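Report on the structure given below.
The values are calculated or read from the model by the stated rules, or taken from the named source; none is laboratory data. The model shown is predicted, which means the values in this text are computed figures rather than measured ones. Virtual Cβ from ideal backbone geometry, glycine too; neighbours counted across all protein chains shown. The accessibility values were calculated without ligands, DNA or RNA, using every heavy atom of the protein model including side chains. Shrake-Rupley method; radii C 1.70, N 1.55, O 1.52, S 1.80 Å.
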Amino acid sequence: MNLLRAAATVSSLTLLSRITGLVRDLILARVFGGGAAMDAFAAAFRLPNLLRRLFAEGAFSQAFVPILAEVRNWRGEEATRTLASHVMSGLFWVVLVISILGVLFAPVLVYVIASGFAKSPATFELATLMTRWMFPYIFFMALVAFSAGVLNTYNRFAIPAVTPVLLNLSMIGFGLLAERYFEPPGLALGIAVFVGGVLQLALQVPALARIGMLPRVSGIRTAFADADVRRILGKMGPAVFAVSVAQLSLVINTNIASHLGEGANAWLYYADRLMEFPTALLGVALATVLVPSLSKAFSEARHADYSRMLDWGLRLTCLIALPAAVGLGLLAEGLIAVLFQGGRFGPRDVAQTALALTGYAVGLFGLIAVKILAPGFYAQQDIKTPVKIAVGVLIATQLANLALVPWLKHAGLAWSISLGALANAALLYIGLRRRGTYVPQPGWARFIAKIAVALALLAVLLWFANERIDWIGLHSAWLIRAGLLAAVLAAAMAVYFGTLLLLGFRPRDFLLRSK
C-alpha cells in the first residue's frame, strides 16, 4: 500500500469535511455571533464530544484496531468477523446506557462543565436543552468509530474520511432555519447534531456490507465472554484514562472560560475550529493510515519498517505543520475577519478570536506530532506510557493556566493547551527513542536547516503583509478583504514551497510504501 497516496486520499476527503465545516461555522458566526447561544453550544457539545473520544474514536480505536489487525493477520476472516460482531455488540449496549443517563442528568452535567453559566439562567437552560438533544450523538458516533476501525483495517479509508461532512451539512441546514423555525434559535444546533449522528452511521452500513463485515448484534454477556473483547477492554482501560486526561484539560478550560464573561467559550470555539483544519488534514490523515501499518509491522517484527514509517510521518509533519503554524499565528486576524466577520460577529469578536487562534497556533506542531508519535506506542499495544505522559501534561497545563489566564484571559487557555501539546510531543518522542523502537533516518539536520530557511522567508512575508493591511477596518468591503487574503496566501505558498524546491526538495522524496 502506498502510504502517501492513502494519506492524500484521506486528507483530500478530510479537506472536503473541513471546507463544509468552515461554511458551517461561517453561517453560525453570522446567525449566532459570539454571544450566549454559541457559548451554550460550545459548552453543551463538549461533553458528548468528550465521551465520543473516550468511548469511540480515541480510546476504543487505539485498543481495537491493533487487535483486530492481529486477529486478521494470524487467524483469518471468520475469526475477524466474529470479533467485530462481539465488539460492536458490547459497544452498542454500553454506550446506549450512557446516552440515556446523559439525557436524564443533563443539568448536572452542564453545571460540571460550565458552572459560570449558573449566573445566567437563560444560558444555563439553553445549554441543558442542547445537551439533551446532543448526548445521543455519542451512541451513533461510537458505532461510526467501530465501523471506521474495521474499514481502515481493510484499507478502506474513503468512507470514514468523508463521513464528518454529513454532520456539517446537517448543521448548515438547521443553522439557516434556526431563527425562522426554532425557539430558542439555539435549539436548532442541538437537533442538527443528533440528525448528523444518524446520517453518519447510516453511511457506514453499506460500506461494511460490501467487505462482508456487517456485524450481528448479540447479547452483552456473549460479547464480553469473548477473550479478545476482554483483551480490548484491558487495553481500553489505560487508553480511556489517556484520552480522558487530554479531554479533562479541555473540560476544565471550558469551565474556566464560562467565568470569563460572555463570548469567551464562543471565541475559543471559533479559533479551535480553524485549528482543526491543519490538525485533521495532516494529523488525523497520517494517524489513520499509520496505525494499521505500524501495528502490522510491529506484530511481524519488521522493526526497520516500523521506524521508517514513523520517520516519514514526522518529516511530513515538519513540512506542513510548521508553515501552517506560522500562517495561523501571523494571519490570525485576517483569517477570522474574512471567514467570520459579519452579521452578529463584530470587530470585537474578530479581535478576541484572533488572540485565541494565535495562542493555539503556537502548539500546532505539537498537536499534530502527538497524533504521529502516540500511535507508535499503540501499535506496540503499550498505552500506559502515553497515559503517564498525559497525566504530567495535564498538571503542567493547569499550572500554566494559573499563570496565564489572569494575564491573557481566554487567550491564556489557548496558550496553555499549546504548551502542553508541545511538551506531550517532546516526551513521546524521547520515550520512543529511549526504547530504541524509533531510530531517525539519516539527513535530519540538513532537512531541518532547509525547512528553517523557508520558514524564515515565509514569516517575513506574512509579517510585512499583516502590518500593512487593516483586516478589521475593511469590514465593509468583504470582497477586497478576501481578495487580499487570497493574494497573501498564494504568495506565502509560492515563497515557502518555491524555496524548498530551490533547496532540493521533491515530492518523490516523501513516497513510502507499506507491506
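Numerical summary
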{"item": "Test for Ala396: is it closer than 23 Å to Ile368 by Cβ and either out of contact with any strand residue (DSSP E or B) (no Cβ under 7 Å at 6 or more places or on another chain) or not aliphatic (A, V, I, L, M) (or both)", "result": "yes"}
{"item": "Residue identified as out of contact with any Lys or Arg (no Cβ under 9 Å at 6 or more places or on another chain) and under 19 Å from Ala42 (Cβ atoms) among Gly175, Gly190, Gly186", "result": "Gly186"}
{"item": "Within segment 124-173, tally of residues that are among the charged types (D, E, K, R) and farther than 12 Å from Gln204 by Cβ", "result": "2"}
{"item": "Residue within segment 448-464 that is closer than 17 Å to Pro347 by Cα and open to solvent by less than 50 Å² (accessible area, probe 1.4 Å) present", "result": "no"}
{"item": "Test result for Leu422, touching a Gly at 6+ places or on another chain (Cβ under 7 Å) and open to solvent by 20 Å² or more (accessible area, probe 1.4 Å)", "result": "yes"}
{"item": "Pair list, Cβ < 6 Å and 6+ apart or interchain, from segment 297-321 residues that are open to solvent by 20 Å² or more (accessible area, probe 1.4 Å) to residues that are not in a loop (DSSP other than H, G, I, E, B)", "result": "Phe298/Tyr306; Ser299/Glu70; Asp305/Ala297; Ile320/Leu282"}
{"item": "Selected residue (criterion: nearest to Leu316 (Cα to Cα)) from residues of segment 347-379 that are open to solvent by 30 Å² or more (accessible area, probe 1.4 Å) and among the polar types (S, T, N, Q)", "result": "Thr358"}
{"item": "Pair list, Cβ < 9 Å and 6+ apart or interchain, from segment 250-261 residues that are on the phi > 0 side of the Ramachandran plot to residues that are open to solvent by 40 Å² or more (accessible area, probe 1.4 Å)", "result": "Gly261/Lys409"}
{"item": "Any pair with Cβ under 6 angstrom, 6 or more apart, that starts in segment 172-196 at a residue that is more than 16 Å from Asp25 (Cα to Cα) and open to solvent by less than 60 Å² (accessible area, probe 1.4 Å) and ends at one that is in a helix (DSSP H, G or I) and of a type in the set (Val, Ile, Thr)", "result": "none"}
{"item": "Helices (runs of 4 or more DSSP H) completely within segment 1-116 that count 1 or more residues being at pLDDT 85 or above", "result": "3-32, 36-52, 77-104, 106-113"}
{"item": "Residue count for segment 300-352, restricted to those that are of a type in the set (S, T, N, Q), part of a helix (DSSP H, G or I) and farther than 30 Å from Pro375 by Cβ", "result": "1"}
{"item": "Enumeration of residues in segment 356-399 that are closer than 23 Å to Gly234 by Cβ, charged (D, E, K, R) and in a helix (DSSP H, G or I)", "result": "Lys384, Lys388"}
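Okay, residues lined up against (1) assigned to a helix (DSSP H, G or I); (2) crowded, with 23+ Cβ neighbours inside 10 Å; (3) modelled with pLDDT of 85 or more; (4) not acidic (Asp, Glu):
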position	(1), (2), (3), (4)
Thr123	yes, yes, yes, yes
Thr128	yes, no, yes, yes
Ala148	yes, yes, no, yes
Pro160	yes, yes, no, yes
